[in-house]
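Below: the structure, in structure tokens.
The values are calculated or read from the model by the stated rules, or taken from the named source; none is laboratory data. This one's a predicted model, so the numbers in the text were calculated from it and none came from an experiment. Heads up, the Cβs are rebuilt from the backbone with ideal geometry, glycines too, and the neighbour counts pull from every protein chain shown. The area values use the complete protein model at the heavy-atom level, side chains included, leaving out ligands, DNA and RNA. Shrake-Rupley method; radii C 1.70, N 1.55, O 1.52, S 1.80 Å.
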Amino acid sequence: MADYHFVYKDVEGASTQWDDIQRTLGNLPPKPPAFKPPAFEPAVDPDSVPKDKSWVDEKTEEELEELEDDPDLDDDRFLEEYRKKRLAEMREATKISRFGSVMPISGSDFVREVSQAPPDVWVVVILYKDGFSECGLLMQCLEELARKYPATKFVKIISTDCIPNYPDRNLPTVLVYNNGAVKANYVGLRSFGRRCTPEGVALVLCQSDPVLNDGQSGSDPSRKTVLEGVRKRLIEKVVAEHEDDDDGSSSD
């Protein structure tokens, strides 16, 4: 005959009087706490959360535009003004970040990318050909300037794609456009001094107009403001190079 053993399990957390006595004497570990489910908390209604600056900061440009007709913001003048400020900042940041490199274009792109550029955008065009060392040197300078002044548009185009039969002896050539018109032109590398450096090129480009725009000087920086910024960058670079030379000589 089979020997059956039954094990009866009490409710979890239950304890007998004998167990309680043994725990008092230290013969059993402390009784575990009874299970208690967490208190019920209803989901937070997003519309009931108080609106503040952080709420506005989390919105995208499209969402900020949609909030223009929000009656809650109409009642809160501060939030409405802050919304407008954030929207303006985001639009300005988008405007600044749309450039930042020397973009290659073809002859068919010239009118759209250069002549029809917005009136507040200065366009620097380099006419070049591959294999010309002087073109490569000036291109390196313009690439650095494009990164430093992302609100200025830099484009490059093969010379004969822009102007048929354009003489190679004139390369590289730089054209400066604004509001659909040519504001300046520089033929040959000698136009930028004996030593072609990004800072030297920047000073030449800004001789007559505020061509270079880093996006930090307002929507309409003056020529004087731009030149001061260029000179400041030049001085900082010279000082940094001088300090590097001093560090190198002291380590010998």
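A quick yes/no check of all residues on (1) in a loop (DSSP other than H, G, I, E, B); (2) open to solvent by 30 Å² or more (accessible area, probe 1.4 Å); (3) touching a Ser or Thr at 6+ places or on another chain (Cβ under 8 Å):
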| residue | (1), (2), (3) |
| --- | --- |
| Arg147 | no, yes, yes |
| Pro150 | yes, no, yes |
| Lys156 | no, yes, no |
| Thr160 | no, yes, no |
| Tyr166 | yes, yes, yes |
| Val174 | no, no, yes |
| Ala184 | no, no, yes |
| Ser191 | no, yes, no |
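Taken over region 123-145, the residue count meeting the criterion of being among the polar types (S, T, N, Q) and either under 14 Å from Met103 (Cα atoms) or open to solvent by less than 60 Å² (accessible area, probe 1.4 Å) (or both) is 1.
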